[in-house]
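In what follows, a structure is listed as structure tokens, so that the remarks can point back to it.
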Amino acid sequence: MTGEAPFLMSPSPSERPILVDIADLRLSFGANEVLKGIDLTVARGEAVSIIGPSGSGKSTILRCINALLVPSSGRITVNGVRVDALRTEAERIELRKRIGIVFQQFNLFPHLSVLDNITIAPIRILNVPKAEAERHAKELLDRVRLSDKVAAYPGQLSGGQQQRVAIARALAMRPDLVLFDEVTSALDPETVGEVLSVIRSLVRDGMTSILVTHEMRFAEEISDKVLFTENGRIVEEGSPAAIFHRSQNPRIRQFVRGLGGERDDLGHGGGI
Ligand SMILES: Nc1ncnc2c1ncn2[C@@H]1O[C@H](COP(=O)(O)OP(=O)(O)OP(=O)(O)O)[C@@H](O)[C@H]1O
Ligand SMILES: [Mg+2]
């Protein structure tokens with residue numbers, strides 16, 4: 001969070017322990033180097049947004065953090081774990097238990113109820129007793145404002161509702177960190193606001209988050225820090241005000257103005 005609550009007693013971002021630490025991250029697909037030395041730190045409880053043009057490497061950064069991609073070189077540490085040094089799939093699966101990821105596509109199991117979609121991983125992967133997993137799932141459904149959809153199936157829900165179930169499913173693992181990759185991009189405009197509202201409340205509650213988003217107003221409002229990527233590099237990093245209002249980089253000014261203008265109606269939609 002920025003600006004809005006300067007008098008809270010919680011430590012400022014700079015005093016919080018570092019949860020994610022990335023240094024000189026490089027990744028190539030064949031001859032194509034798509035990450036060209038990324039440095040990024042995220043403190044516990046921080047919300048960091050990554051913005052930038054299509055193809056600039058945003059999703060690739062998230063996939064490296066989650067060990068879905070193995071970097072060519074560089075260092076990634078998440079909560080003390082050297083992600084780049086993980087060698088077996090079992091180690092990567094272990095890491096992914098601690099990191100939630102929410103994509104543009106929700107990928108819910110269509111044959112399972114909302115409740116079962118949320119409890120299946122805690123029960124099967126974390127061995128949480130069923131009753132406890134269901135209690136937690138209902139609490140999370142309350143948090144994403146879907147208490148009335150416990151027994152519904154994904155096909156009976158709107159896109160925005162399905163995405164909120166996907167967020168609850170990620171939280172059900174009690175992750176250290178949640179990665180959001182353009183989670184509102186596939187939604188009808190009228191359901192974007194309800195999803196952003198849920199993410200906003202998670203961030204306010206201190207969920208450490210890295211968000212790739214095209215919702216410029218939203219990124220400005222909720223982020224502690226914003227990074228602008230272009231062509232595999234972070235070309236500027238700073239406070240939301242520094243990136244959105246004070247950047248001297250013409251490319252950033254143009255990007256922020258262009259997308260921000262287009263999406264004005266969405267960034268603050270849905271009564272949030
Ligand atoms: N599996 C892959 N194989 C080869 N090239 C890939 C692969 N995944 C991504 N790339 C390339 O890596 C570059 C970065 O892609 P990435 O998906 O990270 O971009 P992005 O910033 O998330 O873009 P968008 O805003 O469109 O989602 C692009 O040039 C893309 O074509
Ligand atoms: Mg992407």
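For E91 and A131, compute 0.36 nm times the residue count separating them, minus their Cα-Cα distance, and round to one decimal in nm.
Using 0.36 nm per residue and subtracting the Cα-Cα distance, I get 11.6 nm.
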Query raised in the report: What whole number of Å gives the distance from the Cα centroid of the stretch 35-84 to the Cα centroid of the stretch 196-242?
Result: 14
Requested in this report: Could you give the spread of the C-alpha atoms of the stretch 106-174 along their three principal axes, from largest to smallest, in whole angstroms?
Outcome: 30, 22, 18
Query raised in the report: Between R82 and I120, how many nm apart are label points set 7 Å from Cα along the C-beta direction?
Result: 3.6
Report summary line: Residues meeting the amide H criterion for G37 (H placed from the backbone, H to H distance under 5 Å, 5 or more places apart or on another chain) are L25, R26, L27
Query raised in the report: So how far apart, in nm, are the two label points at F109 and D148 if each is 7 Å from Cα heading toward Cβ?
Result: 2.7
**Report entry** Full-extension gain in nm, R75 to R44, via 0.36 nm per residue minus C-alpha separation
**Finding:** 9.3 nm
Report summary line: Contour minus Cα-Cα span, Q254 to N32, at 0.36 nm per residue, comes to 77.3 nm
Report task. Tally the DSSP beta bridges in the chain and give the antiparallel ones as a percent, rounded to 5. Result -> 55
Report summary line: Rh (Kirkwood, all Cα-Cα pairs) for the chain, Å, reads 19.2
**Report entry** Backbone N within the stretch 55-81 under 15 Å of label point (7 Å from R98 Cα along the Cβ vector)
**Finding:** 65-68, 76-81
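Among I50, I120, which comes first, second and so on when ranked by fewest other beta-carbon atoms within 10 Å?
Neighbour counts put them in this order, fewest first: I120, I50.
Going through the DSSP H helices of the chain, which span 20 Å or more along their own axis at the Cα atoms while scoring at least -0.5 as a mean Kyte-Doolittle hydropathy?
Qualifying helices, which must be both long enough and hydrophobic enough, are 189-204.
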Requested in this report: Round to the nearest 0.05 the FRET efficiency obtained for A242 and D24 when R0 = 22 Å and r is the Cβ-Cβ distance.
Outcome: 0.45
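Where a number appears in this text, it was derived from the coordinates with a stated rule and is not lab data. Just so it is clear, the model here is predicted, and its values are computed rather than measured. Neighbour counts run over all protein chains shown; Cβ positions are idealised from the backbone, glycine included.
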